[in-house]
Each structure stands twice: as C-alpha cells, then as structure tokens.
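S.K.: Structure incoming, see below.
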Amino acid sequence: MMARLPTLWTWRRRLRVGLLCLLALIAVVGASGLIYALYPATMPETGPLHSRLLPAEFEHLRSVADFNGITDPASRSIAFFEEAGRVIEHPRCLNCHPRTDRPTQTDDMRPHTPWVTRGEDGGGAPTLRCSTCHQAENFAASGVPGNPKWKLAPIEMAWQGQTLGNICRQLLDPTRSHMTRDELLHHVMEDELVGWAWHPGGNRQPAPGTQQEFGALIKAWLDTGAVCPQ
Amino acid sequence: MSFVLSVNDQAHIIEDDGETPLLWVLRDRLNLTGTKYGCGIAQCGACTVHLDGQPKRSCSIPLKAATSSQITTIEGAEGEEVTALRNAWGAHDVPQCGFCQSGQIMSAVALLRQNRTPTDTDIDHAMSGNLCRCATYNRIRAAIHDAAAQLGQPA
Amino acid sequence: MTDPAAKTPRFSLTRRRLILGGSLIGGALVVGYVAANPMQVAGAVLQGGGADPDPSAFGPFIRIAADGWVTIVNKQQELGQGIHAGLAAIVAEELDADWDKVRVIDARSNFRAYGVQMTAGSNSIASNWDLMRNAGAAARSMFVGAAARRWDVPVAEIHVRDSVVSHPASNTAATFAELLAEASREKPLQSPVLKQVHDYRLIGSDRVRRKDNLPKSTGAQIYTQDVQRPNMLVAVVAHSPRFGGKLAQFDASDALSVKGVVDVFAIETGVAVLAETTVAAMQGRAALRAEWTDTNAETRSTDDLVQYFRDTAAGGTDVEPSEFQTMGEGYDSPFDGEVAEFSFDFPYLAHAPMETMDCVAEVNGWDVSITSGAHLATIDQVQSALTARTVPGKVDIEVLPSGGSFGRRGNMSSDYLVECVRIAKRVEGRPIKLMWTREDEMASGYYRPMSHHRVWVQLGSDGFPTRWRVHIVCQSLLPVGPNFTATEGIAHSPYFTTASTVDGKIFTPKFPVIVGFWRSVGHSHTAMVMEHVIDQLARRAGRDPADYRRVFYEKAADSRRLAVMEELCRKADWGKPLEAGWARGLAIHEAFGTVVGQVAEVRMMEERPVVRRVISVVDCGIPVSPDQITAQMEGGIGFGLSAALYGEVTLREGLVQEINFRHYPILRMNEMPAVETHIIPSVNKPTGMGEPGVAPIAPAVANAVLALTGRATERLPFLNRAARNSAGFSL
C-alpha cells in the first residue's frame, strides 16, 4: 500500500496538471478565436476602374449584288432564298413558328416556360394570354421581349422541323401562308413583329443582317421566279 | 417623371422613372405588399395583378405602360369570385408558405370570371404560369372547382 | 450553512417564479418546462442583457385574454409546414381549450424563455412534444385548482372541455374567462398527468387546421420582403460570381450616380449598394464595376467535378475515405461470385424558395434588432452578435413566417442575416432591408451537395445479398465531424440484414462550392440509391419488388416498414395490371424517424417519365394534424418530383448556369400528379413530416421506369440540361 501511494499521488498530479493544461489550451484557443473573429477586417475602398466593353458581333447578310455571279436564274433564285433562309431558320423566327401548340424560346429553342398554348388566335389561351407577360416593347428590367403584335404564327405556318424547301413551298401556298406574293413581300419588309427579330432586346442574338436586306433578298427571290430549294 | 396610376379605384401620382417595373411601384411606393417579388422575369407569377381585368405580371410592365389601365391588386380584389375563392382556399387549407398565393388567387379570379365551369385542362391553362414551390397545386385545383361549384352558373 | 431545501429543485416552481417567468435566471423554469441546470445556465448566458417577453401567469407559451381567447406562442418558425397549428394543437389538447378560440403568434428569439429555437431536421413536433403537452397540462391544472377552490370540491371531480371547466356532480360550470383571475394565482402542477392517446379529442382530428389561411389569401400576411420602416434603406449586394472569389477592387462612381443610391461600400461578402428603393439599389448594383480575385475560387465545370468524384471513388485522388459502417470479417477484401454493380451521379440542387433571402436589421450601439424569417433563431442570434460585436442577448430577432426555405434559411453561418447585420453596423441607427434577387439566391450555394455513389452487391444463390459495398463521394455539410448527412439513409439499412459483411465508406472532398441542408438532406440521394438498387436486385432474382423487400424487413424485424408496405400495396392495387404503357414503381424509406412508402404510376413520353398519380402511406407516430401531414406529403412529392425531373445546378468554369426559374424549372400545375395519402394509426411519439415525403418519389419513379423500359436510372435529373434544351422535346 505504502509503495503505491506516491504513484497514486503522481497520477492525480498528472491528471490535475493535464486538466489545467487542457483548460489553458481551451482558453488560449477560445481567446485567439475570438480575437480572430472580432478583428476588424480591412475592406477595399472605391477607386477608378474602367469598364471593358465587349465588341458587339453582327452577322451580316449577303446583298443581292453578291449573287450576280450566278448566271442560271433558277439557281440564283434558290441562292437568294437560301441566304434569306439564314433569317427564316434563325431562333428569333423559328421560336414563334412551332409545330406544336407551344412556342420555344432562347437560342437553344427550349420549350417555352411557363407552359403556354397558342389559343384560338395564336395569342395564347384566354386565361393565359401572351400579353400576361409580353408587353408592347421589350422590357429591359425583366428581360421579357415585347411587341404589340406578339403571337404565334398559325400552325399551317409551322417551320420547326421543316426543310428550307418545305418552308419555301409553304410560303408560296396561299392556303397556308394566307398571303399573296405581294402581301408576303410587304409582310417581310414592313411587319413590325417580323422586324422585332432584328431588335430582340436583352442578350438575345438578333437575326442576321437587317430587315431591309432580308426584304431585298425575298424581293429578288420573288423577282427571279421564286424557285424553292429541294 | 410624373405618372397618374389608378390602383384599386384610387388615383395616385407617382414620381418615378417610367421604366420602373409596376411591381416595385406597388410595393415600394404604394406599400401594396401583397403583390410579391419572386423572380423578376415573369416566370413565377407571384406578382400577378389585373390590368383592366386581365391578369398581368407586374414585374414585366413598365410604369409608363400601366397608366392608362385600371389596376387591381390582391388588396383591392373583390366580388363574388374573390369571396368564393377565399372561402375555398380556407376550406381546403390551400396555403403552405403562402408567398405565391396572392398571385394564385389573382389568376384564379381571372379564370372564374371568364369560365364558371373550368375543367382540369382549363385550370392547367390558366394557372401554369403561377409557380408554387410548396406544390399546393392539387389543393388549388380542388379549391377552384369548389369555388366554381359555389358560384354556380352565371344568371 | 446551505439549506438543503433551497437546492431542491429544479422541478419546484413557485407561483412567483412562474409569474415572473423569464425574468429570472432560471427562466427556463416555466410552466411545464422541466429543464436541467445546464440549460438554465446556457439560457442565462445566451440571453444575458436581453429583455424577456411580457410575463404571463401561464408561462411563456400560453396567454389567456379576459374574453377567454387563448393565444399560443409558436417558438418554431413557420415556413409553410404548418408548425404554428401543430404545436398549438398539442397545447390546446392538454389545456382542453376551445380550438376555435385559439390564436397563434410567433415567438421572438429568446433562449431563456423558449429554450432552443431551431427549426430543422423535421424535428419541431418531435422535440417539442413533451414541452408543449406539459405547458398545456400545467396551465389546465391551474384552472382545475381554481375551480376546486371556488366550488370547494375535489380536484379529481373536475372536468375541462373546450375552455369550460365543470363539476358535473353539482352541475356547476365556468369558462376560462370567468376563472381567469383565480387561475392565474394558482400554482401549476409540476408533473401534471398527461392524456392518453385514446383521450385525444383534437390531436389526430381533421379539426387541426392552419390558422393563417385568411392572411395568406388576402395578401395581408407580412413577410420580411414586405417590411417597411421609417428612414429605411434597401441594400443589394454584388457577390463574387465564383465560389471562393474575393473582391479585388471596385469603382462606385457610376453606381452612386444612379438616382436614389445613397451609399456604396465593400463588406466581407462583396459590395453593398444602399438606396432609397429596391429598384434604385438593383440599378446601382448593375452600374457598379467590380473585379474579383479567383485565386482560391472554384473554377471547374460540372463535368470536371463529376469526373473528379468518380476518380475519387476509384481511389484516384488524394481524398482519403472514412468508414461509416462496416460489418463482418474481411469486409475490405475483393468480391467474388456473382456481383451486381451500380453507379449513381447526383447534381447540386438549389432550394429556390418563393421568397428570396431577405432581412431587416438595425444596429444601435450594443443593440441589434432583426426582422427576418430566421430558421435557426438561436444560432442566428449568436452569429449576428459576433458580427455586430455584441452579446447574443442584445440581439432581438422578430421571427416572421418565410416564403418557404426548404433548408436555405437554416444554415450554421446565418449567411444572409449576417450580411444584413454587417451593412446595418456600417450605417448605425438606420434600418436596412437586405434584398437578394432570385439570381443572388440561386447562385449563392448552400446547395444539396452533388454526389457519386458506387454500390457492389454480392448475391447468394437465393438472389439475396451476402455482401454489400457502398462507397459515397459527397461534400460534408458541417465543417468538422463525420459526414453523416451524406450517409443517412444508407447506414444501418434494413437491406444489409441478409449480408455477412458490409463495407460502407465515405469520401469527403473539400472545395469552395458551398453546400447545405436541402429538404430531406442526405435522404434526397440515399433513398434513390438503396431503393433503386433493391428493385434492380429483385428483378435479377426474378422476384416481385414488394415480395423481395418483405424478406429484408422481416429479417430486420422492421414492423413499421412492413406495415407501411402492406398498407401501400393494398391502397395502390399493387400487383394488379394497369393500362398498357403505364407501370407502378414502389419505394419505402425511413427519414427523420418517419417511414414513408410511395407508389408512382408512370408512363413514358418521348423518353421522359410522366407521373399521373402517387399513392403514399406514412407512419409518423401519433398524427397530430392529419390535414397537414397530407399537405406535407403532397408538397414533398411535388418538391421531390421537381428535383427528380429537372433539378440541376451546374457550373461552367465556376459560374453557376441556373440562376432563375427559366433554367431551373419548378414543377407546375399541369405536371403535378394526383396524390393520395394514408396515415398509419399509431400510439408512438410523433416524428417528423416536413421532409420525409420528398425522398421516396425519385426512386418510385425510377423503379416504374425500370419496369416499363428495363433501363436503370444512373443519374438524376431524368431530364438533364441538354435534354431540356433539345428542340424536339416538348414538356
């Protein structure tokens, strides 16, 4: 017994010293943690910075004169339409010429969200009209595009999933396009909803060229016999 | 710029930029906070108000374009459809977090004013522009049917 | 000399102490609150220097007005789950109050009065069950005592029902209102006798309904977003576009020239723009020029991360695994015989609650006053105090209901709240409303972590597992400690019972993308892994998925899962044929103490599953409010299905790609399946309901897809970004 006492003492001492060390450690860690947490951080102040403007990219259309080299009238006519097709098959145009009752949106041509349908006049279901969200103008604050005529093309004028040749024949068929050739030309040159494709607002990519250039190509195509690609 | 805005049958003179979304005019200037900000891009419907009786997303209307219309917000919504819908909302315990419900009610009111006997498809068409993150959709649907039944056919 | 009686007891509660309520150091010693001393000490420390709620004779949770209306204080946060009604019903049941004359108010933050205020883990009913019952029963005992004294009859002969105290033998009765003065002078019973389950008149009945339907359908409900204060400024903050990015420099000159912008300054999390209106603050931020240092930022893309996770699971990175469950000899050795292998990839998920993060704060010297949908009020108090250099007791939080949360507002760093306090500290004396846009919220992280699971199962000749190996790669939600939130739902699975060895390992990579608690937490992926693997194993064994599961549940003596599954099979007509092109999928999962089984009826449309109906069965102990249990099941299924079909937050060179609903679709009205909910009767203590409904829907759908197409689902969502964007695809 006697021999074990000092050992016991030592053990207790060790324990006490150990505990004290542990407490001290906790205190030190706690205190330094607090100092770290409470130490006022220095913040940058305002200073001059130049904004970097990204160069805007424009896609151009070839002009009518660019096709003078094609001598065969039919080939030239087709070439005019194929160049105009860069506009026709652009997402800005295709999105509202869907083959279902639902438009698509964005350059990716995703299905439109929210879930909307064309309704009887192409302007949406009576209780969820296009105009619930789309106003007469593009609205920068919400990024929602707008136009007074905002609506879908009739289902007979569905372009999505069609070849350019089929779209061409569709345009020339008054039972589907509901337009004579003169009306068609007027539509592509003057219509403000068509014109929206070149002024889509937000970060949307506009259709190539300008409405005038597009109209000139369609006119040249009509003038050269309105031949359709295959 | 100075604009005259007619909200809930009251005229207000608003000094603000014409490009300010109507939503924020209602909330910050007129303290009509029942109309909610949820996404700011017309995806969620929490900010739905009526312009001349038509449901519109107020986040996507510039102040300058709202001056010629009679604006109704959730605070000013009234009429038999509104009463029937609120009763049905309570009877079905529709709201959870409740944040989208102002917009849901405004869309549902417009639906019932156009269609007293909506089918499930009609409800889908009218209501799919209003998100509910709590997914109270089934109760909204049941409550709309219930309210329609209470209202009966228009005389 | 110490008087032994003076030490007694923490359970003894004098009337005086009760009336003074929380103003004593032992403020936790209130009606029905049987707290241990450490809690009182913690309360005194945490709430030191702070004010207490108005004293009530009936303790901190119950106030009774002269007209007999009972006001019950909801200590948890109402974020849609209906907790205000659930807790109040428990109090009202034991108090025998007239439920139609009960109103509920939300408690401010006060540790001393209410104890821990944390709305998390689907725990609000479970963790306050005893507290609320005792609070109600103790207050009831005061009315019984007062009546016995007034009528001079024995306490045992007194009945209480619908706020009326009666003594049938003498045909005497009095309302709470009539007895109020006397009752408030009574001494409450310290351990009142609580009701038995079969005595419940309110709990478990359809009468337990929400009390907030009216303000929530008239626009009158005030959320943080709606708070207006005199002299208030709105703050919008420009954050680093990448996780871990730091502000290098900024130029406020253009921002300050926006009309209405008042101040622009840097804070720890970015650049704050303060303005008189929300629009001005947003425009100010748009005009701000800022440059960020990405030295410590995450710059990888999602594809890189998926590959990194797969490499990690294969031991190809420097992330060392730790064991979360191992069993049997040689669990680490290679498998032999017939081995089934599975692989899963899960994406980051954003909470996207309808109300974005927002907070109103004002700092005045030591005092911080906050109004917000604070989810973890106790933690939020401490974090705000650290930020404002004050003590937690000086932080007063007015807890408002929030427009959802789904876990976003409940994070240990109280991120948006702290950000608001930082700004308010800079402009002391002026209230600040911090507004986050949807884009801010979705790019801010606290996502459900992405994860990769590898599963190997060695099968016996009977088609049942003899060995399991599950390796998980997933970031941890907590800075220290085991990564249990990634393994819950797999660890100790009943499906391990037929096996002799189990090798469960978790790899926890660390990188700057911030992850957090997302409704159902780890179960949001682990349920999919286990339930989808089991269906594939059943298929391999040529067994019906329900029959196959039954073997495990019986072996594990898991009577709750068994009962849920049997009821589910009955209600869902399991085994009976559906129309051509449709199939059922089954999943059973336990989360937060609650067992949920779901059967989904699914068809395929252009490679995507369409769900028309979900039948669900739940065992959540004593059902307090069947109506709200049903609501949570419906909501959980909608939330889970949204994530399963579309949910995915991706990074491109560190930049979040889905920052609004346009790219992060949420289930809409036309996509919501019909939901049928059946509740298993129970006498067990209630368990959670806010989250458990979420987890089983993804595997139920995946199992139906498996039945329809024979194809296993190896990744979620079913429709990834590329599929959602494809032109030919129509929702």
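S.K.: If you scan segment A:86-140, which residues turn out to be more than 13 Å from the chain's Cα centre (by Cα), more than 10 Å from chain B (Cβ to nearest Cβ) and among the acidic types (Asp, Glu)?
M.R.: Result: A:Glu89, A:Asp101, A:Glu120, A:Asp121.
S.K.: Additional query: Residues A:Gly202, A:Gly195, A:Gly143: which one is closer than 30 Å to B:Pro21 by Cβ, exposed (fewer than 14 other Cβ atoms within 10 Å of the Cβ) and small (Gly, Ala, Ser)?
M.R.: Details: A:Gly195 fails: exposed (fewer than 14 other Cβ atoms within 10 Å of the Cβ); A:Gly143 fails: exposed (fewer than 14 other Cβ atoms within 10 Å of the Cβ).
Checking each option against the conditions leaves just A:Gly202.
S.K.: What residue, of C:Val455, C:Val395, C:Val427, is among the aliphatic types (A, V, I, L, M) and either at pLDDT below 95 or closer than 25 Å to C:Met528 by Cβ (or both)? Steps first, please.
M.R.: Numbers: C:Val395 fails: either at pLDDT below 95 or closer than 25 Å to C:Met528 by Cβ (or both); C:Val427 fails: either at pLDDT below 95 or closer than 25 Å to C:Met528 by Cβ (or both).
Selected residue: C:Val455, the only one of C:Val455, C:Val395, C:Val427 that is among the aliphatic types (A, V, I, L, M) and either at pLDDT below 95 or closer than 25 Å to C:Met528 by Cβ (or both).
S.K.: Quick one: count up the residues across segment C:230-250 that are out of contact with any helix residue (DSSP H, G or I) (no Cβ under 7 Å at 6 or more places or on another chain) and either charged (D, E, K, R) or more than 13 Å from chain B (Cβ to nearest Cβ) (or both). Steps first, answer last, please.
M.R.: Start the filter on segment C:230-250 by keeping residues that are out of contact with any helix residue (DSSP H, G or I) (no Cβ under 7 Å at 6 or more places or on another chain), which leaves C:230-233, C:240-250.
Add one more test, that the residue is either charged (D, E, K, R) or more than 13 Å from chain B (Cβ to nearest Cβ) (or both), and what stays is C:231, C:240-250.
The number of residues fulfilling the criteria is 12.
S.K.: In segment C:267-319, what count of residues is obtained for those that are aliphatic (A, V, I, L, M) and either in contact with a Pro (Cβ under 8 Å, 6 or more places away or on another chain) or more than 30 Å from C:Val236 (Cβ to Cβ) (or both)? Steps first, answer last, please.
M.R.: The initial filter retains those residues of segment C:267-319 that are aliphatic (A, V, I, L, M), namely C:267, C:271-275, C:279-282, C:286-288, C:290, C:297, C:305-306, C:313-314, C:319.
Remaining after also requiring either in contact with a Pro (Cβ under 8 Å, 6 or more places away or on another chain) or more than 30 Å from C:Val236 (Cβ to Cβ) (or both): C:279, C:297, C:306, C:313-314, C:319.
The total comes to 6.
S.K.: When you check C:Gly245 against the structure, is it assigned by TED's automatic domain parsing to the domain that holds C:Ala361 and either modelled with pLDDT under 95 or on the phi > 0 side of the Ramachandran plot (or both), yes or no? Spell out how you get there, then give the answer.
M.R.: On the way: assigned by TED's automatic domain parsing to the domain that holds C:Ala361: yes; either modelled with pLDDT under 95 or on the phi > 0 side of the Ramachandran plot (or both): no.
Judged against the criteria, C:Gly245 is not a match.
S.K.: May I pose another question? All but one of (1) crowded, with 21+ Cβ neighbours inside 10 Å; (2) closer than 30 Å to C:Ala89 by Cα hold for C:His678, so report the exception by its number.
M.R.: Only one criterion in (1) crowded, with 21+ Cβ neighbours inside 10 Å; (2) closer than 30 Å to C:Ala89 by Cα is unmet by C:His678, namely (1).
S.K.: Taking segment C:645-694 as the search range and keeping residues that are among the acidic types (Asp, Glu) and over 22 Å from the mean Cα position of the chain (by Cα), which one is nearest to the other protein chains (Cβ to nearest Cβ)? I'd like the intermediate steps shown before the answer.
M.R.: Initially, segment C:645-694 is screened for residues among the acidic types (Asp, Glu), giving C:648, C:653, C:658, C:671, C:676, C:691.
The next check asks that each one be over 22 Å from the mean Cα position of the chain (by Cα); those that pass are C:653, C:658, C:671, C:676.
Numbers: C:Glu653: 17, C:Glu658: 12, C:Glu671: 8, C:Glu676: 10 Å.
Looking at the filtered set, the residue picked out is C:Glu671.
S.K.: Let me ask you something else. Only one residue in A:Ala65, A:Ala74 is of a type in the set (A, V, I, L, M, F, W, C), free of Cβ contacts under 8 Å to residues at least 12 places away in the same chain, outside any strand (DSSP E or B) and surrounded by fewer than 20 Cβ atoms within 10 Å (Cβ to Cβ). Which one? Don't jump to the end; show me each part of the working.
M.R.: Details: A:Ala74 fails: free of Cβ contacts under 8 Å to residues at least 12 places away in the same chain.
Exactly one of A:Ala65, A:Ala74 is of a type in the set (A, V, I, L, M, F, W, C), free of Cβ contacts under 8 Å to residues at least 12 places away in the same chain, outside any strand (DSSP E or B) and surrounded by fewer than 20 Cβ atoms within 10 Å (Cβ to Cβ), namely A:Ala65.
S.K.: OK, next. Please list, ordered by first then second residue, the pairs with beta carbon atoms under 6 Å, 6 or more apart or interchain, first in segment C:618-636 and touching a residue at least 24 places away in the same chain (Cβ under 8 Å) and facing chain B (nearest Cβ under 8 Å), second surrounded by fewer than 24 Cβ atoms within 10 Å (Cβ to Cβ) and polar (S, T, N, Q).
M.R.: Pairs found: C:Glu634/B:Asn138.
S.K.: In segment C:251-266, how many residues are within 11 Å of chain A (Cβ to nearest Cβ), out of contact with any Pro (no Cβ under 7 Å at 6 or more places or on another chain) and of a type outside the set (Gly, Ala, Ser)?
M.R.: 5
S.K.: Of all the helices (runs of 4 or more DSSP H) wholly in segment C:485-588, which have at least 2 residues that are in the same structural domain as C:Glu606 (by TED's automatic domain parsing) and either touching a Pro at 6+ places or on another chain (Cβ under 9 Å) or under 22 Å from C:Glu323 (Cβ atoms) (or both)?
M.R.: Values: elements: C:523-541, C:545-555, C:559-571.
Of the helices (runs of 4 or more DSSP H) lying wholly inside segment C:485-588, those with at least 2 residues that are in the same structural domain as C:Glu606 (by TED's automatic domain parsing) and either touching a Pro at 6+ places or on another chain (Cβ under 9 Å) or under 22 Å from C:Glu323 (Cβ atoms) (or both) span C:523-541, C:545-555.
S.K.: Name every residue in segment C:102-161 that is β-branched (Val, Ile, Thr) and without any contact (Cβ under 8 Å) to a residue 12 or more places away in the chain, in order of residue number.
M.R.: Quick first cut of segment C:102-161, residues β-branched (Val, Ile, Thr) only: C:102, C:104-105, C:116, C:119, C:125, C:144, C:153, C:155, C:158, C:160.
If the condition is that a residue be β-branched (Val, Ile, Thr) and without any contact (Cβ under 8 Å) to a residue 12 or more places away in the chain, then C:Val155 is the only one that fits.
S.K.: Right, another one. Suppose we filter B:Ile71, B:Ile140 for residues that are buried (at least 20 other Cβ atoms within 10 Å of the Cβ) and assigned by TED's automatic domain parsing to the domain that holds B:Thr33; which single one remains? I'd like the intermediate steps shown before the answer.
M.R.: Values: B:Ile140 fails: assigned by TED's automatic domain parsing to the domain that holds B:Thr33.
Residue meeting the stated conditions: B:Ile71.
S.K.: If you don't mind, another one. Tell me, yes or no, whether segment C:637-647 has at least one residue that is in contact with a Pro (Cβ under 6 Å, 6 or more places away or on another chain) and either not aliphatic (A, V, I, L, M) or not assigned by TED's automatic domain parsing to the domain that holds C:Val595 (or both).
M.R.: Yes, some residue in segment C:637-647 is in contact with a Pro (Cβ under 6 Å, 6 or more places away or on another chain) and either not aliphatic (A, V, I, L, M) or not assigned by TED's automatic domain parsing to the domain that holds C:Val595 (or both).
S.K.: Let me ask you something else. Filter segment B:1-29 down to the residues that are assigned to a loop (DSSP other than H, G, I, E, B) and under 12 Å from C:Thr278 (Cα atoms) and list them by number. Don't jump to the end; show me each part of the working.
M.R.: Step one: of segment B:1-29, the residues assigned to a loop (DSSP other than H, G, I, E, B) are B:1, B:8-9, B:16-20.
Within segment B:1-29, B:Thr20 is the sole residue that qualifies.
S.K.: Filter segment C:200-229 for residues that are away from every other protein chain (no Cβ under 11 Å) and not β-branched (Val, Ile, Thr) and give the result. If you could, list the steps in order and put the result at the bottom.
M.R.: Residues of segment C:200-229 away from every other protein chain (no Cβ under 11 Å): C:200-205, C:207, C:229.
Answer for segment C:200-229, where residues must be away from every other protein chain (no Cβ under 11 Å) and not β-branched (Val, Ile, Thr): C:Tyr200, C:Arg201, C:Leu202, C:Gly204, C:Ser205, C:Arg207, C:Arg229.
S.K.: What tally of residues in segment B:43-54 results from selecting those that are touching a residue at least 60 places away in the same chain (Cβ under 8 Å) and either buried (at least 24 other Cβ atoms within 10 Å of the Cβ) or facing chain C (nearest Cβ under 7 Å) (or both)? Break it down into steps so the answer makes sense when it comes.
M.R.: Narrowing segment B:43-54 to residues touching a residue at least 60 places away in the same chain (Cβ under 8 Å): B:43-46, B:48, B:50, B:53.
Adding the requirement that they be either buried (at least 24 other Cβ atoms within 10 Å of the Cβ) or facing chain C (nearest Cβ under 7 Å) (or both) leaves B:43-46, B:48.
Counting residues in segment B:43-54 that are touching a residue at least 60 places away in the same chain (Cβ under 8 Å) and either buried (at least 24 other Cβ atoms within 10 Å of the Cβ) or facing chain C (nearest Cβ under 7 Å) (or both) gives 5.
S.K.: Has segment C:695-702 got at least one residue that is more than 14 Å from chain B (Cβ to nearest Cβ), of a type in the set (Val, Ile, Thr) and assigned to a helix (DSSP H, G or I)?
M.R.: Pass one, segment C:695-702, residues more than 14 Å from chain B (Cβ to nearest Cβ): C:695-696, C:698-702.
Filter again for of a type in the set (Val, Ile, Thr), leaving C:701.
From the residues that got through so far, the ones that are assigned to a helix (DSSP H, G or I) too are C:701.
Yes, segment C:695-702 has at least one match.
S.K.: Looking at C:Asp311, C:Asp318, C:Asp263, can you tell me which residue is within 19 Å of A:Thr46 (Cβ to Cβ) and acidic (Asp, Glu)? If you could, list the steps in order and put the result at the bottom.
M.R.: Working: C:Asp311 fails: within 19 Å of A:Thr46 (Cβ to Cβ); C:Asp318 fails: within 19 Å of A:Thr46 (Cβ to Cβ).
Only one candidate passes the filter, namely C:Asp263.
S.K.: Here is a further query. Is segment B:138-153 home to any residue that is under 18 Å from C:Gly219 (Cα atoms) and not β-branched (Val, Ile, Thr)?
M.R.: So far as segment B:138-153 goes, yes, one or more of its residues are under 18 Å from C:Gly219 (Cα atoms) and not β-branched (Val, Ile, Thr).
S.K.: Can you tell me which residue within segment C:391-444, out of those that are within 20 Å of the chain's Cα centre (by Cα) and farther than 30 Å from C:Arg662 by Cα, is nearest to the other protein chains (Cβ to nearest Cβ)?
M.R.: The first filter runs over segment C:391-444 and keeps only residues within 20 Å of the chain's Cα centre (by Cα), leaving C:397-417, C:441-442, C:444.
Keeping just the survivors that are farther than 30 Å from C:Arg662 by Cα gives C:397-399.
Working: C:Ile397: 19, C:Glu398: 16, C:Val399: 14 Å.
Selected residue: C:Val399.
S.K.: Condition check: of a type in the set (Asp, Glu) and either farther than 25 Å from C:Gln81 by Cα or in the same structural domain as C:Trp518 (by TED's automatic domain parsing) (or both). Does C:Glu362 satisfy that?
M.R.: So C:Glu362 fits the description; yes.
S.K.: For segment B:1-26, enumerate the residues that are at the interface with another protein chain (Cβ under 7 Å from one of its Cβ atoms) and touching a Cys at 6+ places or on another chain (Cβ under 9 Å). Give the derivation first.
M.R.: If we filter segment B:1-26 for residues that are at the interface with another protein chain (Cβ under 7 Å from one of its Cβ atoms), which is where we start, we get B:19-21, B:24.
Scanning segment B:1-26 gives B:Pro21, B:Trp24.
S.K.: Further question: Can you name the residue in segment B:109-132 that is among the hydrophobic types (A, V, I, L, M, F, W, C) and more than 10 Å from chain C (Cβ to nearest Cβ) and, of all such residues, is farthest from C:Asp358 (Cα to Cα)? Walk me through it before giving the result.
M.R.: Restricting attention to segment B:109-132, the residues satisfying the condition of being among the hydrophobic types (A, V, I, L, M, F, W, C) are B:109-112, B:123, B:126-127, B:131-132.
Filter once more, keeping what is more than 10 Å from chain C (Cβ to nearest Cβ): B:109-112.
Values: B:Val109: 29, B:Ala110: 31, B:Leu111: 32, B:Leu112: 34 Å.
The selected residue is B:Leu112.
S.K.: Quick one: in segment B:76-103, which of the residues that are under 30 Å from B:Ala11 (Cβ atoms), in a helix (DSSP H, G or I) and out of contact with any Ser or Thr (no Cβ under 8 Å at 6 or more places or on another chain) is farthest from the other protein chains (Cβ to nearest Cβ)?
M.R.: For segment B:76-103, the residue satisfying everything is B:Glu80.
S.K.: Checking the structure you have, find out if any residue of segment B:57-67 is part of a helix (DSSP H, G or I), surrounded by 24 or more Cβ atoms within 10 Å (Cβ to Cβ) and within 9 Å of chain C (Cβ to nearest Cβ).
M.R.: Among the residues of segment B:57-67, not one is part of a helix (DSSP H, G or I), surrounded by 24 or more Cβ atoms within 10 Å (Cβ to Cβ) and within 9 Å of chain C (Cβ to nearest Cβ), which makes the answer no.
The values are calculated or read from the model by the stated rules, or taken from the named source; none is laboratory data. Everything quoted here is computed from the prediction, not taken from an experiment. Positions of Cβ are generated from backbone atoms using ideal geometry, with glycine treated the same way; all protein chains shown enter the neighbour counts.
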